[in-house]
Structure formats: structure tokens, C-alpha cells
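Only one structure is covered here, and it is reproduced in the block below.
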Amino acid sequence: MDKMKPVKIAILSLTHGHTRKYFQTLKENPGLEWIAVSAESEKVRDNFLKNNYQVPCYMSDEEMFEKHPDIEAVVMASANSRHIEQFRMCADRGIHILSMKIPSFNMKEYDEMVELVEASGIVCQVELELHYNPVVNRIQNLFSQNKLGKISGFNATNITLSPVWAFPWQGVPEQSYGKRLPLSPGDNRFRGGALCDHPHVFDMIRWLTNSDFEYIFAEAGPNIRKELEVEDILLVNGKMKNGVSFLFDPSWSRMEERLEVPAPGWEVFPKRMEVNLTISGENGVMLADCFGPNVYHNGAPHNRYTVHYTYFDEWIGLMDEFIHCIRNQSFPKINLKWHKTTIEAMNACYESIYTGQPVYL
């Protein structure tokens, strides 16, 4: 295998909220040759074609693979409920997978995915782009130098606006969580909302503290978007096995304009998202705003602050690792087996919300 040859890559479905963030990277990264996409619907196809990327777009995964048997890898940008069928399809063809951040909440499906990857020998990397954020890299460096000493507390937010207006499947329990399970007895909402969109803080505490969850307690607040069938506000706390206490806010608590295609003016508040970490140790406290280095300006279309992102290096670093793992037959940092514990912790959050009790893992 020529390690210098660009990886021929495609995108599946185009329905995940992060899909658009791959377009520029796939086009400009010299380690990639972007050769095709498949679209989940005619509407999704038409929105993609407006970008004028000159990449062929197919209405089915099967047709795309038939027309392009040289595809080596895919970005799996589909609804969570479609991942298992696409894993089977890719494993059967020996196609490497960059999976969105929730491979599956169904642990039987998840175990099958692990088996498919191991049996086929493909690379499967899970998209947790925060690992490639410059601020997070700085935090990790300080941790490696033991600057804070023994860690006692970890407070993190992962709050955003809601993507359901542009990506409706994220508000459909069967497509987001995988089935229709009530949040709690008597609640008219179902699993599959903000929690399903925000695994980063659960992953980040494991990575930085080198520990796993001892117990989790979670509560869902009243929705601020009353028409949603899924949760948009929740709070999670608990303790890691090494004694670190944590408090997480993984909510859709930023309000948005309900645009079918995200664009400037989508956000009502200046910041579209906030991932903030407050980490307490015996030698001090570390505060980090992971998306602080962005540009905000007054102007169109609503004469209020609009965000211009400056953190695209995350997606470059993410794809560079994916390429490296494919060409060097190495193991990605965020792989299915590592990520499984994060998904189990998120399932425990839903169990805690349902029972009103802490859940021990």
C-alpha cells in the first residue's frame, strides 16, 4: 500500500449536523480524494448541490458504492438509527469508517459494530473533534505536567442551540436514541434529545482523569422548546472511580432561529455553543473556554452579534489522524472500544432520569 497516496473518501447520508464541516477539509486536505456522497432525500441532495463542490451525489449508499468501487473510507454522517446497517455495508466492503459521535445506544448493536470492525480489519474512528481543539490540547499538556496536582472536581458545559430544525431526525426518538422510551414515568417526552448530541464532556473527563465513572445522577428540566418530543435541558453529576466529582450541563440551552439550513443569524445569543471546563485541584483551579477564540461581530441579518468560527483546525487534526491510521494500519485514539464506556455512561444518565436515583456503573 502506498502510504502517500490520498485516501479515496465519501460521505454517507449528509444528515448529521456536522456534515458541512467536513466539506472544506475533504476538499482541501492533500491526504484525501473526495469522490462521492450519498443523500438521504432529494431535499438533502438539493441542499448539497447548491454548494457546487463538483462531487457526484447519489440517492442510495448502494448505488454510490457500485459506481465507485475504489472508495476506501467514509464519513458516516447519518441518523444514529442507520449506523448499524451502514457499518455492515462498509465492513462487508472493507471500507474504513469515521463514525459520528453516537455509533449506537443499543449495546447489542454496539457490540456487533466492534465485532464487524475487528473481523474486517477496517479502521473505525469515532468523531469526537474536541480532542483536536487547541485549548483542549493545552489543558492536556498542563495535566501531563501535573500542574493542578490531585484533581478533586470537574465542572463542564456542552451547551448549544438545537439542531432539530435543520436536521429533523435529531428530534425523533426512534432515529436519535434508537427507540421510543419515555424519559420518566408520566413524562410525555422521550430519550433522544440534547444528551444524544453531547457526549464530549463524558469523554473528556475520562480522557483527562484517566478514570471511569463510579456513579451518575441526572435530571431533565422542563423543555424550553415545548413542541419537542425529546429533552433539551438536563444536568448530570456524580463521581469517578478515582474520587473526582463532576457536574455536567449537556443541554440545548442556546436559543436559535429555526432555519432549515444553518447560516449566519441562526444563533440568538452571541455564542452558538459553549464548551467550558472548570477543573479544581490541590494546587489551583483551571478555567477553559474551548471555543473562546472566535470572532463575533454586529451585523446581518438581524443586527445582533453573529459568530465567525476560527477553530477549523479540529477537523483538520481529526481527519489527519484518520488518514494516518488507514495508511499505517494503526489504532485511532477514539475508537469503538474506548468510546463504549462513554455511551454506557450516557445510557446511565437516561436510567437515572427515569428512576430518579443514582446509577452505579
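Each reported figure results from applying straightforward, stated rules to the coordinates on display, with no laboratory input. These numbers come from a predicted model, not from an experiment. No Cβ is skipped: glycine too gets one built from the backbone with ideal geometry, and neighbour counts run over all protein chains shown.
Summary table below
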quantity	calculated
The chain - mean residue ellipticity at 222 nm from DSSP helices (-39,500 (n - 2.57) per run, n ≥ 4, rounded to 500)	-9500 deg cm²/dmol
Calculated log₁₀ intensity ratio I(q)/I(0) where the Debye formula runs over C-alpha points of segment 149-255, q = 0.12, 0.20 Å⁻¹	-0.43, -1.00
Antiparallel %, DSSP beta bridges [both residues in segment 96-252], to 5	55
Hydrodynamic radius (Kirkwood) for the chain, which is based on Cα pairs only, to one decimal in Å	21.1
Compactness index (Cα Rg / 2.2 N^0.38 Å), segment 82-167	1.47
Antiparallel bridges, percent of DSSP beta bridges restricted to the chain (to nearest 5)	60
Surface/4 estimate of mean projected area, convex hull on alpha-carbon atoms of segment 235-361, nm²	11.8
Cut-off 14 Å, label 7 Å out along Cα→Cβ of VAL285, residues of segment 130-174 by amide N	152-156
Where only C-alpha atoms are counted, convex hull volume of segment 1-135 per residue in Å³	124
Distance (nanometres) between label positions extended 7 Å along Cα→Cβ at LEU235 and LEU361	2.1
C-alpha long axis of helix 83-93 to longest principal axis of the chain, angle in °	40
Förster radius 56 Å - calculated FRET efficiency between ASN210 and ASN298 (Cβ-Cβ, nearest 0.05)	0.80
Integer Hz, Karplus 6.51/-1.76/1.60 couplings in order for segment 135-140, x for Gly and Pro	5, 5, 4, 5, 4, 4
Solvent-free Debye scattering, log10 I(q)/I(0), computed from the Cα coordinates of segment 54-116 at q = 0.14, 0.23, 0.26 Å⁻¹	-0.40, -1.00, -1.22
Contour minus Cα-Cα distance for VAL261 and LYS226 (0.36 nm per residue)	10.4 nm
Sequence-distant lysines (8 or more away, or on other chains) whose Cα lies within less than 26 Å of LYS340	LYS21, LYS101, LYS108, LYS179, LYS239, LYS241
Values of log10 I(q)/I(0), in the order q = 0.15, 0.32 Å⁻¹, for segment 3-51 under a Debye, Cα-only, solvent-free model	-0.41, -1.29
Excluding exposed DSSP-loop GluC sites (Glu not before Pro) (at most 11 other C-beta within 10 Å), longest clean stretch of the chain	1-226
